[in-house]
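Quick notes on the structure that follows.
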Amino acid sequence: MYSKKIILLIWLSVITLSCKQHSQNNQNNHTNLVHKKDSLSKDTITQHRTNRMHQLKHRIDSTNKSLEWKKLSSGLWSSNRGDIGFKTREGTAEGIFIDKYIIQVCCEGESMRTVVDTLTFKYLGSSFYKDKNHIYTHYDMADGGNFWIVEDADVATFKVIGDCYARDKHHIFGERAMVMDSVDYKTFKTKKGIGCFAKDKNGYYFWDSKIEVTEITDSEVKKVLTVLQPL
């Protein structure tokens, strides 16, 4: 009698365990299927976006080709339509690069052709350019950036200093921040080859931001500050 009960209990246990295992396998298969669908969906979206970017590049390249852009001695470009352009490049998340020609001065929309004097236009260094009338800047960005006039810059005395800065008779300029009102003009120093680091009597700077020397742990930054110190 007891043997029959024991056999029955073992049989029920086996069936229960088998059912649980089957249920777990179904759940795992469902989870794997969902993950696979998600992965395929993401891959499909990525591929569609990549295809769209290639199509966009093809359209822009075709337009640029039809405009027959030619490089001028100043470094600017001229199209067969009479436009003057500043050549730049847009990079996409897919690693696709598209040549672009900026034909308007930011941000009033004035034509480069009517603003820039191509005969005296030249590159100064960093992000700065000049002609006989203006100082200009173009800072590279993923979308190709903009090209605009540097306000408050004195053309006659403007010169690039170091890798990322410039000065005229009134101001210090950073290639990103433009006029740097917070620095001491008379004691501001930087040096070619050390990147976007500088100093004045009040301390050290990276780009246009003040550096807290006591918080620096990077050995390369410490080396740069050592170079700046005696200037």
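The values are calculated or read from the model by the stated rules, or taken from the named source; none is laboratory data. The structure displayed is predicted, hence computed values, not measured ones. For neighbour counting, all protein chains shown are included, and Cβ atoms are generated from backbone atoms with ideal geometry for every residue, glycine included.
Observations on the model:
- Identity of the residue in segment 111-120, in a helix (DSSP H, G or I) and touching an Asp or Glu at 6+ places or on another chain (Cβ under 8 Å), that ends up surrounded by the most Cβ atoms within 10 Å (Cβ to Cβ): MET112
- The requirement of being farther than 30 Å from ARG52 by Cα and not charged (D, E, K, R) is satisfied by MET180.
- Of the strands (runs of 3 or more DSSP E) lying entirely inside segment 121-231, those carrying at least 1 residues that are in contact with a Cys (Cβ under 9 Å, 6 or more places away or on another chain) and modelled with pLDDT of 95 or more are 147-149, 165-167, 172-174, 197-200, 203-206.
- Residue in segment 128-145 that is farther than 21 Å from ALA177 by Cα and under 25 Å from the mean Cα position of the chain (by Cα) present: no
- Hits in segment 130-147 - residues which are surrounded by 21 or more Cβ atoms within 10 Å (Cβ to Cβ) and closer than 14 Å to THR88 by Cα: THR137, PHE147
- Any hit, segment 137-157, residues being more than 30 Å from LEU72 (Cβ to Cβ), touching a residue at least 40 places away in the same chain (Cβ under 8 Å) and not acidic (Asp, Glu): no
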